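A.B. asks: Structure provided below as structure tokens; questions to follow.
Please treat every number below as a calculation from the coordinates, not as lab data. These numbers were taken from a predicted model, which means no experiment stands behind them. Backbone-built Cβ (ideal geometry, glycine too); neighbour counts: all protein chains shown.
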Amino acid sequence: MTRLCIAPTTPSRRATPPRAGGERILLWARMALLPVLVMAGAGAAGAQGYPAKPVRFIVPFPPGGPTDILGRVVATRLAEAWAVPVVPDNRPGAGGNIGTEQCARSPADGYTVCMLSIAQTISPSIYPKLAFDPVRDFAHVTLLATLPSLLVVHPSLPVRSVRELTALAKARPGALSYASGGAGTSTQLLMEWLKLEAGVSIVHVPYKGSGPALVDQISGQIEVAFTTIIAVLPHIQSGRLRAIAVSTRERFPTLPAVPAVAESGIKGFDGGSWQGIVMPAGSPREAVNRASRDLMNMLRLPDTRERILAMGGLTLGNSPEEFAAFVTAEFAKWAKLVKAAGIRPE
């Protein structure tokens, strides 16, 4: 580091007489203090200058899915706001757990940002040896969006509401089947929640991802499923599937005719996928606050809100403290349901 050094001026032959002793002491004291002031100023500038280098953006799912699509929107907007590269880094595997573990183990310097989803608040209740804790191991930045699911049935099934579906399931216990994207996914837990509340028996058929599950439901091999709006909307519009309810407390803005599950007598039913932003636990508070503030500003932009709405999501945005409380509540909610439904890895 270059040191700022000021030497006393060498007097010329015509210089004034030497300063008195007291003046010389004061001058040397000021000179001695100058490097300290320079270093303090540099430190303050550094604190205000975050981020000062490229930021790694871990997306714990494969390219092309909802988490990746939303993550890339966020990365692009952050790069514009921060004037540094924000580089998406897809680390898929184990339902998002591999990439999330890598995030938890990354340096807590503010230069690793990660997507966190509902899956990571469910997994600890299903996989007891998981290498991360969604509450303890992260600095929570903000909740980006919720992605409600639709309860859809094949058109051959003679039901048009949750009440009709549960009545049919009670009349034919174990005869109906539902698809999910795998054991422990939100699509399974939503249906298990509905089954517990309605007191019905519908057989679970897990798939390796929501894509294959959707294919079999369209073909009629599977009668029922909860599926994210972005994945299923084209098939509802074409008539290949029928939407009978939305998983969240309120109806979805672009599907006003589809009632919420809670409107059909299943009180308190409110669930769906969501996406948020975290950093490794212990990351600098200035980095967490800067990211939260800039992301909330981004989520207020009409074009961002419209783009996420077109993806089947609702923009939110909250403070780091609010998001941490939300993750804690989600962890507790799904742990209770996993235990009640006896869900195990498959």
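A.B. asks: So what is the 222 nm mean residue ellipticity for the chain from helices alone, if each DSSP H run of at least 4 adds -39500 (n - 2.57) and you divide by all residues, rounding to the nearest 500 deg cm²/dmol?
C.D. replies: Using -39500 (n - 2.57) per qualifying helix, the result is -14000 deg cm²/dmol.
A.B. asks: Now for a separate question. Straight-line reach only, C-alpha to C-alpha below 23 angstrom: list the lysines that residue 267 could link to, leaving out same-chain residues fewer than 8 apart.
C.D. replies: The reachable lysines, counting only those whose Cα sits under 23 Å from residue 267, are 170, 195, 333, 336, 339.
A.B. asks: I'd like the FRET efficiency for residue 156 and residue 251, computed as 1/(1 + (r/R0)^6) with the beta carbon distance as r and R0 of 25 Å, rounded to 0.05.
C.D. replies: Values: r = 26 Å, r/R0 = 1.03.
Taking R0 as 25 Å, the efficiency between residue 156 and residue 251 is 0.45.
A.B. asks: To continue, here is another question. Quick one: dipole size for the chain, taken about the Cα centre, charges +1 on Lys/Arg Cβ and -1 on Asp/Glu Cβ, in debye to the nearest 20. Each step should come with its number before you reach the end.
C.D. replies: On the way: 35 positive and 24 negative charges, 192 e Å.
With Lys and Arg at +1 and Asp and Glu at -1, about 920 debye.
A.B. asks: Check every DSSP H run in the chain and write down those whose alpha carbon atoms cover 27 angstrom or more along the long axis and whose mean Kyte-Doolittle hydropathy is -0.5 or greater.
C.D. replies: Numbers: long enough: 21-48 (41 Å, 0.99); 320-341 (31 Å, 0.35).
Within the chain the helices that satisfy the rule are 21-48, 320-341.
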